[in-house]
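Everything on this sheet refers to the single structure shown next.
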């Protein structure tokens, strides 16, 4: 599956007041700006628009109507091909001249539409973000767009030119050690949850995270992306993996529930978007699960990943 990570750096032209978690703010303004940039039929509703399957805005914000599922797919609806990782700062107040950065993760062919996202960010700067101050939102300018690892620059304010990636990254569930006859045994792993992880079990938010439940959500997320934006349904022994996951236990748990809410202009109401944050340690044989865990670090997991929720990382815990 084609995968792109793009870091957008902005510089504020006004003082700004932003919420604690900024994913909803940036994604909401991106939606307005992207529609302004790409929409050819301004008065046409997306679900009935003849251009929806080729429209960058519809593919991101009206995914179910714009992206058709592959024949024989077991996915109920297409996942969004975008994850927006907002600025990590938890501050509320920012001064004119300060810089912020957020990262766009794109899956599949929509990576070829990077110039539209760059231009949309310029439009976002004119629309403004955050709370109204003296009758207007805080404006900004787009300083640069680079690869997530900063190795390549695709846009800079000084040059005013856009370049496309010379080569694309790909995500796969094939382990880097697939040809190794003696894979390294890892018996203890810690998972850090950086942004609220929303996993619903039997329609009730869970207070802890048993490994089998975590694995099922990782499998669901990664395989749905590969199914729609990659090479199709991976050849995986799902039932076997889930059965083996039952042997993994929690050895240390410091997870907490974090509540936050956002206002949805589409639904005209407040939406509660709480999730788990913190750290949990598991013990057992992780050999068959490592490819899934590696991919989960890239694509986020759980519900509402498009807002940047469900960002996780895994690390080996050294035994004493």
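When you check residue 49 against the structure, is it free of Cβ contacts under 8 Å to residues at least 40 places away in the same chain, over 27 Å from residue 147 (Cα atoms) and buried (at least 16 other Cβ atoms within 10 Å of the Cβ), yes or no?
Working: free of Cβ contacts under 8 Å to residues at least 40 places away in the same chain: yes; over 27 Å from residue 147 (Cα atoms): yes; buried (at least 16 other Cβ atoms within 10 Å of the Cβ): yes.
Taking the combined requirement at face value, the residue satisfies it.
I want to confirm something. Restricting to region 299-318 and keeping residues that are within 8 Å of the chain's Cα centre (by Cα) and outside any loop (DSSP other than H, G, I, E, B), which single residue is nearest to residue 225 (Cα to Cα)?
Ranking the candidates gives 299 first.
So which residues in region 116-154 are closer than 30 Å to residue 222 by Cβ and assigned to a strand (DSSP E or B)?
Residues satisfying the conditions are 145, 146, 147, 153, 154.
Among the listed residues 84, 51, 104, 69, identify the single one that is over 24 Å from residue 311 (Cβ atoms) and touching a helix residue (DSSP H, G or I) at 6+ places or on another chain (Cβ under 7 Å).
Testing whether each residue is over 24 Å from residue 311 (Cβ atoms) and touching a helix residue (DSSP H, G or I) at 6+ places or on another chain (Cβ under 7 Å) leaves just 69.
Do we have residue 311 as within 27 Å of residue 26 (Cβ to Cβ) and at pLDDT 95 or above here? Can you show your working first?
Numbers: within 27 Å of residue 26 (Cβ to Cβ): yes; at pLDDT 95 or above: yes.
So residue 311 passes the test.
For the condition in contact with a strand residue (DSSP E or B) (Cβ under 7 Å, 6 or more places away or on another chain), touching a residue at least 24 places away in the same chain (Cβ under 8 Å) and under 20 Å from residue 126 (Cβ atoms), what is the one hit in 104, 82?
Answer to the selection: 104.
Residue 66 passes all but one of (1) farther than 30 Å from residue 152 by Cα; (2) free of Cβ contacts under 8 Å to residues at least 24 places away in the same chain; (3) surrounded by fewer than 20 Cβ atoms within 10 Å (Cβ to Cβ); which number fails?
(3)
Restricting attention to region 175-200, report how many residues are assigned to a loop (DSSP other than H, G, I, E, B) and either exposed (fewer than 11 other Cβ atoms within 10 Å of the Cβ) or at pLDDT 65 or above (or both).
Of the residues in that region, 12 qualify.
Go through region 201-289 and tell me which strands (runs of 3 or more DSSP E), entirely inside it, have 1 or more residues that are modelled with pLDDT of 95 or more, touching a strand residue (DSSP E or B) at 6+ places or on another chain (Cβ under 8 Å) and crowded, with 19+ Cβ neighbours inside 10 Å.
Ranges flagged: 275-283.
The values are calculated or read from the model by the stated rules, or taken from the named source; none is laboratory data. Since we're looking at a predicted model, the values are computed, not measured. For neighbour counting, all protein chains shown are included, and Cβ atoms are generated from backbone atoms with ideal geometry for every residue, glycine included.
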